[in-house]
1. In the range 84-97, how many are within 17 Å of residue 5 (Cβ to Cβ) and assigned to a helix (DSSP H, G or I)?
2. Based on what the data block shows, is residue 51 over 18 Å from the mean Cα position of the chain (by Cα) and part of a helix (DSSP H, G or I)?
3. Out of the residues in the range 22-47 meeting the condition of being part of a helix (DSSP H, G or I) and surrounded by 12 or more Cβ atoms within 10 Å (Cβ to Cβ), tell me which one is nearest to the chain's Cα centre (by Cα).
4. Residue 3: in contact with a strand residue (DSSP E or B) (Cβ under 6 Å, 6 or more places away or on another chain), assigned to a loop (DSSP other than H, G, I, E, B) and modelled with pLDDT under 90, yes or no?
5. Just one of 82, 61 is more than 17 Å from the chain's Cα centre (by Cα) and touching a residue at least 24 places away in the same chain (Cβ under 8 Å); which is it?
6. Within the range 86-103, how many residues are surrounded by 10 or more Cβ atoms within 10 Å (Cβ to Cβ) and free of Cβ contacts under 8 Å to residues at least 60 places away in the same chain?
7. Looking at the range 48-57, is at least one residue closer than 15 Å to residue 4 by Cα, in contact with a strand residue (DSSP E or B) (Cβ under 7 Å, 6 or more places away or on another chain) and exposed (fewer than 14 other Cβ atoms within 10 Å of the Cβ)?
8. Taking residue 66 as the residue in question, decide whether it is outside the structural domain of residue 13 (by TED's automatic domain parsing), modelled with pLDDT of 90 or more and not in a loop (DSSP other than H, G, I, E, B).
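The values are calculated or read from the model by the stated rules, or taken from the named source; none is laboratory data. Bear in mind the structure is a predicted one, so any value in this text is a computation, not a measurement. For neighbour counting, all protein chains shown are included, and Cβ atoms are generated from backbone atoms with ideal geometry for every residue, glycine included.
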């Protein structure tokens, strides 16, 4: 499955913060990112986890851990399903994933 990828600029625009703030979160290890040469890319799932962790009204940490664990298992199961159906999860397009899910 192809993950949705965001640039630090897109994250900064979405959150309406400076791009330097986003780079600060990345360098501090608060926002996981993939380094590509001199640039970074942020996976949607990591961005969503980052936002959940920063929520001022939080669910109990034990609930959040169970939720994150369930999401990870679900993503792995769907990846395994794609492989079993002959798809390469790293190259399948979003449109193809939508077609598979809605079949």
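1. 4
2. Numbers: over 18 Å from the mean Cα position of the chain (by Cα): no; part of a helix (DSSP H, G or I): yes.
No, not satisfied.
3. Keep residues of the range 22-47 that are part of a helix (DSSP H, G or I), which gives 22-27, 44-47.
Within this subset, residues satisfying the condition of being surrounded by 12 or more Cβ atoms within 10 Å (Cβ to Cβ) are 22-26, 45-47.
Details: 22: 15, 23: 17, 24: 18, 25: 15, 26: 14, 45: 2, 46: 4, 47: 5 Å.
Ranking the candidates gives 45 first.
4. Details: in contact with a strand residue (DSSP E or B) (Cβ under 6 Å, 6 or more places away or on another chain): yes; assigned to a loop (DSSP other than H, G, I, E, B): yes; modelled with pLDDT under 90: yes.
Yes; evaluated as a whole, the condition is true for this residue.
5. Values: 61 fails: touching a residue at least 24 places away in the same chain (Cβ under 8 Å).
On inspection, the qualifying residue turns out to be 82.
6. Step one: filter the range 86-103 for residues surrounded by 10 or more Cβ atoms within 10 Å (Cβ to Cβ), giving 87-90, 92-94, 96-100.
Then keep just the ones that are free of Cβ contacts under 8 Å to residues at least 60 places away in the same chain; that gives 87-88, 96, 98-100.
Qualifying residue count for the region: 6.
7. no
8. Numbers: outside the structural domain of residue 13 (by TED's automatic domain parsing): yes; modelled with pLDDT of 90 or more: yes; not in a loop (DSSP other than H, G, I, E, B): yes.
Considered against the rule, which asks whether it is outside the structural domain of residue 13 (by TED's automatic domain parsing), modelled with pLDDT of 90 or more and not in a loop (DSSP other than H, G, I, E, B), residue 66 comes out as yes.
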